[in-house]
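Each remark here refers to the structure printed beneath this line.
The values are calculated or read from the model by the stated rules, or taken from the named source; none is laboratory data. These figures come from a predicted structure and were not determined experimentally. Neighbour counts run over all protein chains shown; Cβ positions are idealised from the backbone, glycine included. With ligands, DNA and RNA removed, areas are computed over all heavy atoms of the protein, side chains included. Shrake-Rupley method; radii C 1.70, N 1.55, O 1.52, S 1.80 Å.
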Amino acid sequence: SLDDVLAQHAFLRREPGDLALHTRAGRYGVQGSLVLPTGVGLVVEPGTELVFEPRAALVASGPLELSGTPEQPVVLRGDPTRRDGRWQGVALLRSPQPSRWTHVEIRGATGIDRPGWRLPAALALRSAFLDLEHVRIVDSRARTSVLVESGQLDARGLAIVASAGTALELRDSTSTLEDVEVRDAMRNAIE
């Protein structure tokens, strides 16, 4: 429930009349996965760094608005003091509203791997729309760095660096890609 999410993640706040949760700029440890209730969005301010424990992920079915700037990006990463800084990544599933990310970095994601649920991507979209501008996926240990399935990805200035698997995989999806850079992908750049 929304109350459970707010109780578990004290860095989140709710604003009156808004269906999204919000963060203030700062560095926050995420203990346990951040799973948003159906349809609830997340608005992340510039300069926010979310540091996830190893088995944690960000899972949403509402819009994710991650609004960094060149000077103050939004960073999603694992805790560098635990298990080589790995965490499970982001899953955006069946969101009827578009998500927009600007100046965001995802670092060290492995993909979701739990009993009964495996999603081997650092950033996974299923039946969702995501607009990316100046986003970096760095040091992905997942089978796929960015997986789009039955969704839409618009990306300008997307960089996928040091991917252990396929950098970008599109399944039954549409995309508009401009200025995409893939460096050091161990498997295919784009499937």
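Contact order, relative form, for the stretch 1-72: 29 percent (alpha carbon pairs under 8 Å, 6 or more residues apart, mean separation divided by residue count). Against the empirical curve 2.2 N^0.38 Å, the C-alpha radius of gyration of the stretch 1-92 lands at a ratio of 1.02. In this entry, the stretch 88-191 is assigned a mean projected area of 5.7 nm², taken as a quarter of its C-alpha convex hull surface. What is the local net charge at ALA159, summed over the other residues whose Cβ is closer than 13 Å to its Cβ (Lys, Arg +1; Asp, Glu -1)? Local net charge: -3. Between TRP101, TRP87, TRP117, the GNM of the chain built on Cα springs shorter than 10 angstrom shows TRP117 fluctuating the most. Seen from ALA25, the other residues with C-beta closer than 12 Å to its C-beta sum to a net charge of -1, counting Lys and Arg as +1 and Asp and Glu as -1. The mean sequence distance of close C-alpha pairs (under 8 Å, at least 6 residues apart), as a share of the length of the chain, puts its relative contact order at 13 percent. Going by accessible surface with a 1.4 Å probe and the largest first, LEU19, LEU2 read LEU19, LEU2.
Leaving out ligands, DNA and RNA, what percent of the accessible area of the chain is carbon and sulfur, probe 1.4 Å?
Carbon with sulfur: 47 percent of the solvent-accessible area.
The shape of the chain comes out rounded: with a ≥ b ≥ c from the C-alpha gyration tensor, a/c is under 1.5.
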